[in-house]
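No value in this document is a laboratory result; all are computed from the given coordinates. Just so we're clear, the structure is a prediction, and the values are computed from it rather than from any experiment. As a convention, Cβ positions derive from the backbone with ideal geometry for all residues, glycine included, and neighbour counts pool all protein chains shown.
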């Protein structure tokens with residue numbers, strides 16, 4: 001049997017990047033032979049094996065034939081007579097269809113090296129259209145390599161548009177959409193994921209709440225970029241610069257969904273968009289079964305991000321109530337996530353990208369002042385029950401009042 005390094009490891013090596021994982025293709029072998037050699041089979045749908053020592057994945061060379069809609073509808077054929085070129089032909093992009101022999105020789109039957117040089121993400125063959133997950137993968141690779149100036153090849157974008165019009169995207173299951181989206185949020189330029197989906201028409205099907213933001217104007221005084229969709233992408237980019245936390249990035253992405261439902265006769269103002277945004281966050285999260293920690297932070301940022309901007313104008317008792325609603329005293333780490341998402345919102349405006357908003361420091365200080373007031377001292381004073389809660393509230397309001405006064409002086 002012959003063994004070849006394939007896919008992302010070869011691509012990344014050619015780009016001068018450190019490969020994250022190593023995948024191998026085995027040509028001329030059988031499952032029985034692999035098991036006899038000590039490999040451990042994983043998965044029942046296709047023959048993939050773990051190396052007994054390195055635990056890298058080794059897959060038998062295989063071909064695929066489309067048998068039904070969606071990404072599950074494939075008949076796989078793995079046999080010793082399947083060639084390396086046939087295996088590479090079924091892959092999504094030419095830059096992922098390059099192989100390397102054990103001795104280091106590059107095998108590139110579909111011109112992946114040329115597309116790497118041209119910085120293009122191009123489909124290998126028309127078979128690309130048989131798997132709608134590939135639309136998500138192309139968008140995710142665009143997000144990964146945007147900083148290297150990679151773009152989607154025009155013919156690949158055309159093919160993706162055709163797939164969307166044919167209804168292939170409708171066959172995607174929620175878990176796979178979320179898995180690819182979550183990976184994309186962790187890439188260096190996550191906004192490109194959503195921009196590529198929009199360019200091929202998939203965004204309005206998968207994330208209509210986000211697609212609805214494009215073309216919606218905002219007051220130029222506060223938003224020189226004007227367009228809410230552009231603002232949302234800018235906010236996501238700022239979140240990616242400020243934090244590697246996908247929960248923060250997700251919350252930043254969804255913070256303004258309510259603006260997509262503002263009646264046109266009220267434009268460019270968006271009164272109460274925070275309240276209107278929360279149900280949209282819930283709906284999107286329910287649709288894709290988003291984990292609760294992502295969901296909770298996104299709902300809080302959608303509902304209270306304007307409190308962040310108005311921290312110097314709010315009454316001290318309102319500030320304390322806001323901190324309580326954010327559960328800041330019990331979950332300080334999530335309060336920090338909230339602050340980063342809100343700061344991303346402030347910086348995600350044309351001309352404000354490098355301006356540190358004063359609200360972050362003020363809100364941090366009022367939280368710290370209020371958090372220093374705890375129940376221990378009140379218990380020592382002999383207070384109990386409702387009296388503790390009332391006095392705790394009073395002392396926290398006093399602490400916030402003094403802190404705000406000092407911060408604004």
### Task
Rank by packing, highest mean first: peptides 340-347, 365-372, with packing defined as the count of other Cβ atoms within 10 Å averaged across residues.
340-347, 365-372
### Summary
Whole-Å distance linking the alpha carbon centroid of segment 109-125 with that of segment 75-97 is 16 Å
### Task
Report Rg/Rh for segment 122-206, rounded to two decimals, where Rg is the Cα radius of gyration and Rh the Kirkwood radius.
0.93
### Query
222 nm [θ] for the chain, helices only, -39500 (n - 2.57) per DSSP H run of 4+, per residue, to 500?
-15000 deg cm²/dmol
## Note on the structure
The Rg/Rh figure for the chain, Cα atoms and Kirkwood Rh, to two decimals is 1.08
### Task
Could you tell me which of rounded, prolate or oblate describes segment 1-118, using a ≥ b ≥ c as the square roots of the eigenvalues of the alpha-carbon gyration tensor, with rounded for a/c under 1.5 and, failing that, prolate when a/b is larger than b/c and oblate otherwise?
oblate
#### Entry: Prolate/oblate/rounded call for segment 194-266, Cα gyration tensor, a/c under 1.5 rounded
oblate
### Task
Return the whole-Å distance between the Cα centroid of segment 213-244 and the Cα centroid of segment 285-320.
18 Å
### Query
For q = 0.11, 0.13 Å⁻¹, what log10 I(q)/I(0) does segment 207-408 give under the Debye formula with an equal point scatterer on each alpha carbon and no solvent?
-0.54, -0.73
### Summary
Between the alpha carbon centres of segment 321-396 and segment 1-58 the gap in Å comes to 50 Å
